[in-house]
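Written below as structure tokens is the structure these notes are about.
The values are calculated or read from the model by the stated rules, or taken from the named source; none is laboratory data. This structure is a prediction, so every number in the text was calculated from the model and none was measured. When we count neighbours, we look across all protein chains shown, and the Cβ atoms used for this are built from the backbone with ideal geometry, even at glycine.
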């Protein structure tokens, strides 16, 4: 506990129980991006998984839509402090893409249209923990929220859920992605408040 | 691009509030003394943490409004009426009070004079704060990079740092300030009186052929519109850096 802020009372506490430390609840859906929103035509969209040996597996938009979709309801926690609870998505679990991919890699680098990257352990995007999501609240995902499709990895801070996802690179070694290279925590567990390097 | 990563641990520090500056009716700058401040680059922000007497804590991020200046760090806070933290910072925190913070945070939405230019800055409302740190760094002896700053405000009484912006001598400083007022204009105003659009950016921003560095900060609608229009005008997406500075949560 830090120094007491004289005269600060804060909001009512009950809603805070479900929130990770330092987070506050928001009802809207803030947009945070480091640059302009890329405009991606669905007919040109592809998702590519490249293995550590260089083998590429590629899916088109139509192939994505043809895969069995799930409709996870998840809580979102952004490193900029807002949390949004019970959000409804439609997406394909990464397990489905990885089912026929032969790999012994331990890490993935996620790539996005526009150049964004983020790194994760492979085990954090398998076992039903991550999706390629293309609808939010039953509607096609808006470009500013990552549409046509974004990664959804809700158990980590939301910067790991890369917008405009274009692929995964399977890797033997872990390397920092975009924000991880600018001082944000490599792993980013909101429940341990791993916001910045050293947290 | 330089990647000055923050490798060290960002520990919470206790700052002293040494001055408060009323910028507008809703916006106040807080001048803080942070004894172990490591320095920062224009565009970076701090996390502020408030603690109630029962241990409850609330954290928010605020942009730094000034370039590095020893142990002095100035943040500018807009009061969000239903916010949890900003009303306390704007209305309650007094000179001599202590405030917990840590930083600097963020390494991408930054510019310092050695990064070069030309520099185009577009601010919507209080999105001006991190851009003002860049302008102040440039004017305060930071080289000769030509700067154009476009500030969009609803009305004249909502312009933060208005007096300082008005004092900038374009010919002497090499920094040009262009304003647009979307709802109410100053008496006799002959300048822009609409939201920033592609046509305005075509007039005001450096041409894409000059390869300017563009920084856009403001509410989401402002940032989306400006960044999209800059791309349409031929600017490289990689030259356009954005940051949202909205009233969310406050």
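Determine, yes or no, whether residue B:183 is at pLDDT 95 or above and surrounded by fewer than 20 Cβ atoms within 10 Å (Cβ to Cβ). Judged against the criteria, residue B:183 is a match.
Tell me yes or no: at least one residue of the range A:162-171 is within 14 Å of chain B (Cβ to nearest Cβ), more than 20 Å from residue A:45 (Cα to Cα) and touching a strand residue (DSSP E or B) at 6+ places or on another chain (Cβ under 9 Å). Checked the range A:162-171: no residue is within 14 Å of chain B (Cβ to nearest Cβ), more than 20 Å from residue A:45 (Cα to Cα) and touching a strand residue (DSSP E or B) at 6+ places or on another chain (Cβ under 9 Å). When B:234, B:221 are checked against the criterion of being surrounded by fewer than 17 Cβ atoms within 10 Å (Cβ to Cβ), outside any loop (DSSP other than H, G, I, E, B), more than 16 Å from the chain's Cα centre (by Cα) and within 14 Å of another protein chain (Cβ to nearest Cβ), a single residue qualifies: B:221.
Name the residue that is surrounded by the fewest Cβ atoms within 10 Å (Cβ to Cβ), counting only residues in the range A:163-178 that are under 13 Å from the mean Cα position of the chain (by Cα) and either at pLDDT below 95 or closer than 23 Å to residue A:53 by Cβ (or both). Result: A:166. Taking the criterion of being surrounded by fewer than 16 Cβ atoms within 10 Å (Cβ to Cβ), more than 14 Å from chain B (Cβ to nearest Cβ) and under 30 Å from residue B:237 (Cα atoms), the residues of the range A:1-51 that qualify are A:41, A:42, A:43, A:44, A:46, A:48. Per this entry, residue A:185 is counted among residues that are within 14 Å of another protein chain (Cβ to nearest Cβ) and closer than 26 Å to residue A:37 by Cβ. When A:139, A:175, A:180 are screened for being away from chain B (no Cβ under 14 Å) and farther than 21 Å from residue A:97 by Cα, only A:139 passes. Is there a residue in the range B:124-142 that is in contact (Cβ under 8 Å) with a residue 12 or more places away in the chain, part of a loop (DSSP other than H, G, I, E, B) and away from chain A (no Cβ under 13 Å)? Within the range B:124-142, one or more residues are in contact (Cβ under 8 Å) with a residue 12 or more places away in the chain, part of a loop (DSSP other than H, G, I, E, B) and away from chain A (no Cβ under 13 Å). Scanning the range B:50-75 for residues that are within 20 Å of the chain's Cα centre (by Cα) and either facing another protein chain (nearest Cβ under 8 Å) or surrounded by fewer than 20 Cβ atoms within 10 Å (Cβ to Cβ) (or both) yields B:59, B:60, B:61, B:68, B:69, B:70, B:71, B:72. Scanning the range B:148-189 for residues that are in a helix (DSSP H, G or I), over 29 Å from residue B:208 (Cα atoms) and touching a helix residue (DSSP H, G or I) at 6+ places or on another chain (Cβ under 9 Å) turns up B:156, B:158. The residues in the range A:119-149 that are surrounded by 14 or more Cβ atoms within 10 Å (Cβ to Cβ) and part of a loop (DSSP other than H, G, I, E, B) can be counted, and the count is 9. Tell me yes or no: at least one residue of the range B:71-92 is over 22 Å from residue B:220 (Cβ atoms), touching a helix residue (DSSP H, G or I) at 6+ places or on another chain (Cβ under 6 Å) and either assigned to a strand (DSSP E or B) or modelled with pLDDT under 95 (or both). No, there is no match, as no residue in the range B:71-92 is over 22 Å from residue B:220 (Cβ atoms), touching a helix residue (DSSP H, G or I) at 6+ places or on another chain (Cβ under 6 Å) and either assigned to a strand (DSSP E or B) or modelled with pLDDT under 95 (or both).
Within the range A:52-82, being in a loop (DSSP other than H, G, I, E, B), free of Cβ contacts under 8 Å to residues at least 60 places away in the same chain and within 14 Å of chain B (Cβ to nearest Cβ) holds for A:80, A:81.
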